[in-house]
């Protein structure tokens, strides 16, 4: 298990506002004023900002080792999934984090689907181009429905690529522009999903780690200080969301955890996630919101071309390490063809149903073990299959 980040630290046992080192090790400077020397001792103090800096850098080490974000969104997503899973394994009160491990894994499934679809479109386009260049007669024979002459190697390669590609009419020259537009929109959605996944992790993981190590009392004292780090941290949504705002939802969520009100804590953290972070960072962006309004009623492709449908993955959360799961471990966004993923209230209703199902499965000894096994797989960097 990759758990090098969730580890004890020498500052964990230090009290807030106390010196972080022995007095004898503190820096001393001596100045002279006539015959009376003056000794100044610089004592490093454990401050709120120091604690936030530690936990924020810990989050960055998961997905940006050395201060550089992992370039591959899928590889970065696996690290995020693993970190959430390890939070829950370290403290089962972090039920939001357990649910987030599955939700983030589902984002990875969406990323994988988009990449795979683009690759298959490109494969067919390339095979068709080679067929036109090397065996154009095969295209004429096909149009004439002639099966007399044997087909060339290029024709068979194109036919195979065409069967593997779920986007119909990709090779139709008249639809070349529409297919290119589709690919551009797929790439855009891919980038936005990765952005939201990354930003949410950089916001929420340090909050859990602060509470885990320092508790609710110090979190209450220090939450407002977190924003002072805004110029020192990786924060990819700075143009839409200010870093480190002390939202009431955050304090309510961790207060509920401290009180043992786990279901309430999940709801408050989900509200922070959906309303304070993802809504302004993603769903308030007009282009992305438009595409998300089409995900249930024909998906991204139908929005882009007005012709194609049925190519997107159903919006769902599977409470398993796999992208697909049995119905008892699957929560679907909506059966309504006009459902709008950009609507925060509809998303909150979806998350609430997922949280309730997750909680019910945890209460059953058999399904609890199944969930734990899945989370352990995710914690080890597996899943998305």
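Below, the figures for the structure above:
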quantity	calculated
Separation in nanometres of the label points that stand 7 Å from Cα toward Cβ, at residue 322 and residue 348	3.5 nm
Sites residue 50 and residue 180, calculated FRET efficiency, Cβ-Cβ separation with R0 45 Å, nearest 0.05	0.30
Calculated FRET efficiency for the pair residue 169/residue 216, C-beta based, R₀ 45 Å, to 0.05	0.20
FRET efficiency, 1/(1 + (r/R0)^6) with R0 41 Å, evaluated for residue 116 and residue 258 via beta carbons	0.40
Additional length obtainable on full extension of the chain from residue 246 to residue 361, 0.36 nm per residue less Cα span	38.2 nm
Fully extended contour minus Cα-Cα distance, from residue 15 to residue 74, at 0.36 nm per residue	17.3 nm
Inter-part distance where the stretch 152-211 and the stretch 237-267 are each reduced to a Cα centre, Å	32 Å
Segments 251-264, 363-376 sorted - mean Cβ within 10 Å per residue, highest first	251-264, 363-376
Estimated inter-spin distance, residue 91 and residue 228, nm [label 7 Å along Cα→Cβ]	2.3 nm
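Quick note: the coordinates plus some simple rules give every number you see, no bench work behind them. All values derive from a computational prediction rather than experimental measurement. Every residue, glycine as well, gets a Cβ built from its backbone with ideal geometry; the counts of neighbours run over all protein chains shown.
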